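These notes concern the structure reproduced below.
The values are calculated or read from the model by the stated rules, or taken from the named source; none is laboratory data. Just so you know, these numbers come straight off a predicted model, no measurement behind them. With ideal geometry, Cβ positions are generated from the backbone for all residues, glycine too; neighbour counts draw on all protein chains shown.
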Ligand SMILES: [Zn+2]
């Protein structure tokens, strides 16, 4: 699947462009600008609300720092290591952009 924005060829199952993060599929996407200190609680909150299929965390420069695949949300047990990774990002950043995709 080619990104409509930058033209990068992505794997067919991709929801977002690997290069620029543009959404490739339909669904409901929300963006939040979150202080790094609130990153873990914000993501925990989003997951609790349900229907989340994809979360991308970007830094202030728009670089993708972490992408949480759908399987993370289905199997809650493997969430812990991801939360540790999110904590590591939060320790380095000041503000993050959180992009959330939910199933419609
Ligand atoms: Zn792209």
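For the range 69-83, indicate whether the set of residues that are crowded, with 16+ Cβ neighbours inside 10 Å and at pLDDT 90 or above is non-empty. Checked against the condition, which is being crowded, with 16+ Cβ neighbours inside 10 Å and at pLDDT 90 or above, the range 69-83 yields no hits at all. The set of residues in the range 1-23 being over 19 Å from residue 65 (Cα atoms) and surrounded by 16 or more Cβ atoms within 10 Å (Cβ to Cβ) consists of 3 alone.
Those helices (runs of 4 or more DSSP H) of the chain in which at least 2 residues are more than 14 Å from the chain's Cα centre (by Cα) and without any contact (Cβ under 8 Å) to a residue 24 or more places away in the chain, considering only elements entirely within it, cover 39-49, 79-92.
Of all residues in the range 17-43, exactly one satisfies the criterion of being touching a strand residue (DSSP E or B) at 6+ places or on another chain (Cβ under 6 Å), near the ligand (Cβ under 10 Å from one of its atoms) and under 20 Å from residue 85 (Cβ atoms), namely 21.
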